[in-house]
Amino acid sequence: IQGYLKPEFDEKGELSSITGYAQDITILKAGEQKLQNKNAELLRSNEELEQFAYVASHDLKEPLRMVSSYTQLLSKKMEDKLDEEGREFVKYAVEGAKRMSALIDDLLEYSRVGRTEIRLEKVNCNNIIKEVLHQLRYKIVACNADIQYGDMPEVNALPSCLVQLFQNLLSNALKFRSEQPPIIRLNAVLEGNEYIFSISDNGIGIEERYFDRIFAIFQRLHDKNTFEGTGIGLAVCKKIVEVHGGRIWVESKVGKGSTFYFSIGC
Ligand code: ADP
């Protein structure tokens, strides 16, 4: 039994009331144990699910390669023998196989994040951003984007993860642009022992009701013909940030652009 009791006495010194509480803590302890068991179960099933996603996507690659190669061969070698409709069917089959291959690659990438131990090291974000901008240089020039950032800090992270994180967020800022050329700003503000990074754009924006959903795997707000993509980029960002002990979120207004924020320790 756990609790406290407060007796009160009247002026004659006689007990007038007792206030307080007393509780049988065996019930509390049993509840705590149940919660711990449920937590362990959840962790185990999460790990199993990740393992399943990895194995499934890895094993799917081989048969898909076969479908992909033979449909491509069919379209090249049999082109004259097929009529208009036949050529169209083969074209759809080739496109479908390509899209499935992109989905599997992204799924594999998603399940790879955090599979190996994350060895944190001091990383200079200026170098990371320079590398990402170099990788995206053709896309940047093609849409005449204006990207600016000040001096970026050092953080504790795995460099390859940071490259991926900035690359996904910057690619999205370029991709989901409005009619105007993209204006993208990167910033970092120290808050306690972490930096809050922000990547803002002047793109199409996102409705508030989708702010959480876009970080889930395979969630997209547009069809593949309007904006290409697989819907895994932000899920990968979320996983990267979370394995580093941080958070990621978005603020946006439709037609006014979006700002993605994430925190990372320094
Ligand atoms: P993908 O880019 O492959 O569609 P993501 O997971 O990177 O997948 O993004 C999920 C969805 O979130 C996108 O399809 C898009 O609707 C929305 N989104 C992401 N970044 C932005 C952005 N900068 N501006 C507007 N919408 C965005």
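The values are calculated or read from the model by the stated rules, or taken from the named source; none is laboratory data. Predicted, not measured: the structure shown is a model, and the values here were computed from it. Here the Cβ positions follow ideal geometry from the backbone for every residue, glycine too, while neighbour counts run over all protein chains shown. Heavy atoms of the whole protein, side chains included, go into the accessibility calculation; ligands, DNA and RNA do not. Shrake-Rupley method; radii C 1.70, N 1.55, O 1.52, S 1.80 Å.
Overview of values
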item: The one condition in (1) at pLDDT below 95; (2) crowded, with 20+ Cβ neighbours inside 10 Å that Phe218 fails to fulfil; result: (2)
item: Filter result (within 11 Å of the ligand (Cβ to nearest atom) and open to solvent by 30 Å² or more (accessible area, probe 1.4 Å)) within the stretch 234-250; result: Lys238
item: When residues of the stretch 138-174 are limited to those that are over 19 Å from the mean Cα position of the chain (by Cα) and of a type in the set (Phe, Trp, Tyr), the one nearest to Ile199 (Cα to Cα); result: Tyr149
item: Failed condition for Arg209, given (1) assigned to a loop (DSSP other than H, G, I, E, B); (2) farther than 18 Å from Asn187 by Cα; result: (1)
item: Matching entry among Lys256, Lys224 (being at pLDDT 95 or above, more than 7 Å from the ligand (Cβ to nearest atom), surrounded by fewer than 14 Cβ atoms within 10 Å (Cβ to Cβ) and basic (Lys, Arg)); result: Lys256
item: Of all residues making up the stretch 195-217, the number that are farther than 20 Å from Leu162 by Cα, out of contact with any Pro (no Cβ under 7 Å at 6 or more places or on another chain) and in contact (Cβ under 8 Å) with a residue 40 or more places away in the chain; result: 6
